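Since the structure comes first, as structure tokens, the remarks are kept for the end.
The values are calculated or read from the model by the stated rules, or taken from the named source; none is laboratory data. Since we're looking at a predicted model, the values are computed, not measured. So basically every Cβ, Gly included, is an ideal-geometry build from the backbone, and we count neighbours across all protein chains shown. Keep in mind that these areas ignore ligands, DNA and RNA; they rest on the heavy atoms of the full protein, side chains included. Shrake-Rupley method; radii C 1.70, N 1.55, O 1.52, S 1.80 Å.
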Amino acid sequence: MRRRDFLGQGLALGGAAAFGLTFNPRLARAATQAGVIRVLAEGAPNTFDPAGTGYNIPSVNIIWNVYDRLITFGQKPLTGEGQDGAFIYDYDTLVPQAAESWTVSDDGTVITFKLRPDATFHDGSPVTAEDVKWSLDRAVNVTTAKNQMGTGSMTDVGQFAVVDPSTITITVPKADRFTLPNLALLFPAIINSKVAKEHATAEDPWATEWLKTNVAGGGPFKLGQYQAGQQFVLEPFAEWKNGDRLPNDRILYQIVPQAASRRLAAERGEADLVRDLPGRDVKDLMDAGKVKVLGIANPATVTYIAMNNLIAPFDNVKVRQAIAWSVPYQDMFEAVLYERGVPMFGGPAEAGSTQWPAPLPYTQDLDKAKALLAEAGFADGFETTFSIDADDVTVGEPVAILMQEALGKIGIKVTINKVPAGQMGTLLTEKKLPLFIANAGAWLRSPDYFFRIFYQGETRWNFGSYANPEMVKAVADARWENDPAKYDALVMQMIELARTEVPVIPLWSAFQDTVISPAMSGYTYMFHRSLELRHLDKA
């Protein structure tokens, strides 16, 4: 039996044992109902707040579709095999949403937005510049949104000014190419300020508690029935005026934690969209040829093996390089993803472009790894722990087992540490883990933005706790560089540091796989695994 089959078999048996705990055949009939699109996914939303701290992917899928922003990203058709009729967001194209137009001053520091005159919230009240200002003021004050808005030079309520009921300006200290893209993200959603203020208190001036469990938006869908941990219904908002097309169908979004139940529904055609299936299930379904699977690459989201550069011996670059040469990349790619993704290993010896993320040159070479360990002064190896999140054992456990085996061959004794659910984020913030698996995606696509978030600074997203002054300076210089040649040179400098000093080891960028019924068209993938649901059509 191949390693992939052995590791995958244990996971599949675990799923089968839980089969049937939440599957409800009565609900499956929704897949045959005209005007209802049934979506099955693994997890439940944990907040409805656009600026909510600790939001998860299911939350993004609700928030994105029930709120509008001033502007949004355009879309472009997917061109891969089997992707006919599907679309992906176009990061390089911004289009109006609640704003009908905008202008930028000659020096790039003042952006003026004109709102659509007929836009309304779900309760029928008009969307005004006061609502936009309150929403932007909130976004620079609530922690999660505040951090992201700052990457576009929006940090203070004084930067947002109401000119008249349909006009608002945003002023930044200097022209920033990330200001407009940030306004198209999740966080600066336009909230019905009149409704939200009714639920604000002195202790909670931004109504964060109320907005966790309530929606005050004006997006293309309204939140209908909601059963926590089970399902929610999104109803088309017939008065929506802020885009090129209205949604046609209701969305019945059901939470089915067991992968085996979701797979069975996909095989039987009992759902229109099935998400979050493990790589093995996706491969089996594709091999059987009975369903259509859309596998969409998301290059801004990467899975890593992270080495804490603050903790010895991972502060030694030769130790990090040794581990990079010891990873059984292909075995992991097959055992965990069943090759459903883009490899971030086995790349060219020299970086040939400014594209990032991109594959590093490392493959498994244990002799090279042993030699580097000896050069680092660890010819006899050392002991360490490899930490995985107990909430993500489907990926983490086989990766940990394969790492334990591979590092053992070069003298490194590894103990696998399963971090209890909910504690991983705290430990990452506190920088207490020496060696671990991590996954994260960048909201914005520019390479210098990616390095700014993941390769420097004191946030949890700097998984390697990397603090090379050369990287810090290159990131800072690129932030405002307008000369393309100089910008590219700075990015190539960052890429070279990432390749040679390997503070983190990229493994892959997993596909966003979705089983889609033959009746469906208009599938549109946004960022962070979210969907633009209004484009979906059911024949």
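Within region 368-415, the set of residues being open to solvent by 60 Å² or more (accessible area, probe 1.4 Å) and either of a type in the set (V, I, T) or within 29 Å of S509 (Cβ to Cβ) (or both) comprises K368, D391, D392, T394, I401, Q404, E405, K409, T415. Reported count of residues in region 139-176, each being within 19 Å of R479 (Cβ to Cβ), open to solvent by less than 10 Å² (accessible area, probe 1.4 Å) and at pLDDT below 95, is 0.
Quick check: is even one residue across region 79-87 modelled with pLDDT of 90 or more and surrounded by 14 or more Cβ atoms within 10 Å (Cβ to Cβ)? Yes, region 79-87 contains a residue that is modelled with pLDDT of 90 or more and surrounded by 14 or more Cβ atoms within 10 Å (Cβ to Cβ).
Could you say which residue among L186, L136 is at pLDDT below 95, among the aliphatic types (A, V, I, L, M) and either touching a strand residue (DSSP E or B) at 6+ places or on another chain (Cβ under 6 Å) or crowded, with 21+ Cβ neighbours inside 10 Å (or both)?
Going through L186, L136 in turn, the sole match is L186.
Taken residue by residue, region 260-267 has no member that is touching a residue at least 40 places away in the same chain (Cβ under 8 Å) and in a loop (DSSP other than H, G, I, E, B). In the set (1) in contact with a helix residue (DSSP H, G or I) (Cβ under 9 Å, 6 or more places away or on another chain); (2) within 23 Å of R534 (Cβ to Cβ); (3) modelled with pLDDT under 95, Q225 fails one condition alone, (1). Filtering T500, T514 for residues that are in a strand (DSSP E or B), open to solvent by less than 60 Å² (accessible area, probe 1.4 Å) and not small (G, A, S) leaves a single hit, T514.
What is the one condition in (1) buried (at least 16 other Cβ atoms within 10 Å of the Cβ); (2) of a type outside the set (A, V, I, L, M, F, W, C); (3) touching a Ser or Thr at 6+ places or on another chain (Cβ under 6 Å) that G217 does not satisfy? Failed condition: (3). I need every pair where a residue in region 365-387 that is on the phi < 0 side of the Ramachandran plot has its Cβ under 7 Å from the Cβ of a residue that is of a type in the set (K, R) and in a helix (DSSP H, G or I), sequence separation at least 6 or different chains. Partner pairs satisfying both residue conditions: L372/K318; E375/K318; A376/K318.
Annotation: of all residues in region 100-122 being assigned to a strand (DSSP E or B) and open to solvent by 80 Å² or more (accessible area, probe 1.4 Å), the one that is nearest to G243 (Cα to Cα) is E100. Here N56 meets the list (1) of a type in the set (S, T, N, Q); (2) open to solvent by 30 Å² or more (accessible area, probe 1.4 Å); (3) in contact (Cβ under 8 Å) with a residue 24 or more places away in the chain; (4) closer than 30 Å to D392 by Cβ almost entirely, failing just condition (3).
Scan region 348-364 for residues that are farther than 30 Å from W443 by Cβ and in contact (Cβ under 8 Å) with a residue 40 or more places away in the chain and jot them down. Within region 348-364, just Q364 meets the criteria. Among the residues here, Q225 qualifies as in contact with a strand residue (DSSP E or B) (Cβ under 6 Å, 6 or more places away or on another chain) and loosely packed, with under 15 Cβ neighbours inside 10 Å. Residue under question is P188, and the condition is that it be under 23 Å from F237 (Cα atoms) and not polar (S, T, N, Q); does it hold? Yes: the conditions hold for P188. Yes or no: region 452-463 includes at least one residue that is modelled with pLDDT of 90 or more and of a type in the set (D, E). Within region 452-463, not a single residue is modelled with pLDDT of 90 or more and of a type in the set (D, E).
Restricted to region 365-447, the set of helices (runs of 4 or more DSSP H) holding at least 3 residues that are within 28 Å of the chain's Cα centre (by Cα) comprises 393-408, 424-430.
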